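Q: Please see the structure below; I have some questions.
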Amino acid sequence: MATAQASSLTLRSKEPAPRTVEPARERKIVVAEELGYCWGVRRALDIIQEAASPEQRIAPIGDIIHNPQVVERLRDSGVEGATSVDEAKGRGFQRVAITAHGMGPHLAVEAESSGMELVDTTCPLVVKVQRLGQKLVRQGYFLVVYGDSWHPEVKGILAWANTSKSCAAKHVEDLPWNAARGEKGEGKVVPPRKVALVSQTTKNIAELMAFSNELQRMVMPEGGEFRLCNTICEPTTERQNALKKLADQVHLILAIGGKKSSNTARLAEVGIQQGVQSYHIERPEDIKDEWLADLGDGNVGITAGASTPDDVIEGIVAWLAERGYTPPEGGIRPIDPDYVPAF
């Protein structure tokens, strides 16, 4: 009898203790406080949409803004890009437009000589850099534009400067000099005495400052004069600063914007600099399965370039929500019924 009781106790002691199941960790979508359209882009779109109609078409010389979804939609409103005034005229357009990125003064001359009306949507902050470049050249500076030499904004700034004493550069190796003032030796090319630096409006401030410091070291010896003009626009800085705050809350960052969008590319770079895996995407289909698989239970951060419309951002958020990520309460931004974009 005692043996049976012991056996029964032994069996009961071997039963596993109740297992506590930890609830699944919530995977969140965290949206940057500042993202998407800036006022310069809204202004450009307002101008072009008000001026255009299917009966009165307009041909921007290039993309009106660097977002493919917006460019596609505008075609239905009579806005369709061309590569030149001559091409636009050959396709039957009677009006052409300068894009938000700006262009050199040659376009107005070409439009007038072709008998075409010109619509100007250049962002006022880009116009500011164009005028500043002209002023610096008149003051005797060699003008260096920190930016992508292929970008229409940079090309426009150089065109308005209208001088051979100017160049675009992102690295010291891009400059027309390879030595600091005062250095001697075969093959040494040094800067002139006066050099001024401006920036493409959508660049990264940390990268601009690093480039500026290197350029200053080349120019300053032997009485050289160097002037830095930080012309990175406020909306670009706001979006980059908001992304830095976002980086502490997420494990993956998606920077949404057109592949041609310089400021969106910079956002992805800033995310990587903050130690978070970051990708520049245009559409949901750009998101790779392995990015989310590697993420596990981590949060996804969302930012967007200054030419990305809200509905494109919302489309990415909805795509992630369908895959189990909790969307932000109240949408991608607070709704202010009294908000009016300032131009």
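A short reminder: the numbers here are calculations on the coordinates, not readings from a lab. These numbers were taken from a predicted model, which means no experiment stands behind them. So basically every Cβ, Gly included, is an ideal-geometry build from the backbone, and we count neighbours across all protein chains shown.
Q: Measure nothing but the geometry: give the 0 to 90° angle between the long axis through the Cα atoms of 124-138 and the longest principal axis through the Cα atoms of the chain, rounded to 10°.
A: 40
Q: How high is the FRET efficiency from Ala210 to Ala321, r the C-beta distance, R0 45 Å, rounded to 0.05?
A: 0.70
Q: Tell me which GluC sites (Glu not before Pro) from the range 183-262 have a DSSP coil assignment and no more than 12 other beta carbons within 10 Å of their own.
A: Those satisfying the criteria are Glu186, Glu222.
Q: In percent, how large is the relative contact order of the chain, given Cα pairs closer than 8 Å and 6 or more residues apart?
A: Reported as a whole number, the value is 21 percent.
Q: Sticking with this one: Please name whichever of Gly78, Val129, Ile64 sits farthest to the positive end of the charge dipole of the chain, dipole taken about the Cα centre and charges placed at Cβ: Lys and Arg +1, Asp and Glu -1.
A: Farthest towards the positive pole: Val129.
Q: Lysines within cross-link reach of Lys194: Cα-Cα under 26 Å, excluding same-chain residues under 8 positions apart?
A: Lys128, Lys135, Lys155, Lys165, Lys170, Lys184, Lys203
Q: With percent of Cα pairs over 24 Å apart defined as stated, name the option among [x] 61; [y] 54; [z] 64 computed from the structure displayed.
A: [z]
Q: In deg cm²/dmol and to the nearest 500, what is the mean residue ellipticity at 222 nm of the chain if only DSSP H runs of at least 4 residues count, each as -39500 (n - 2.57), divided by the residue total?
A: -11500 deg cm²/dmol
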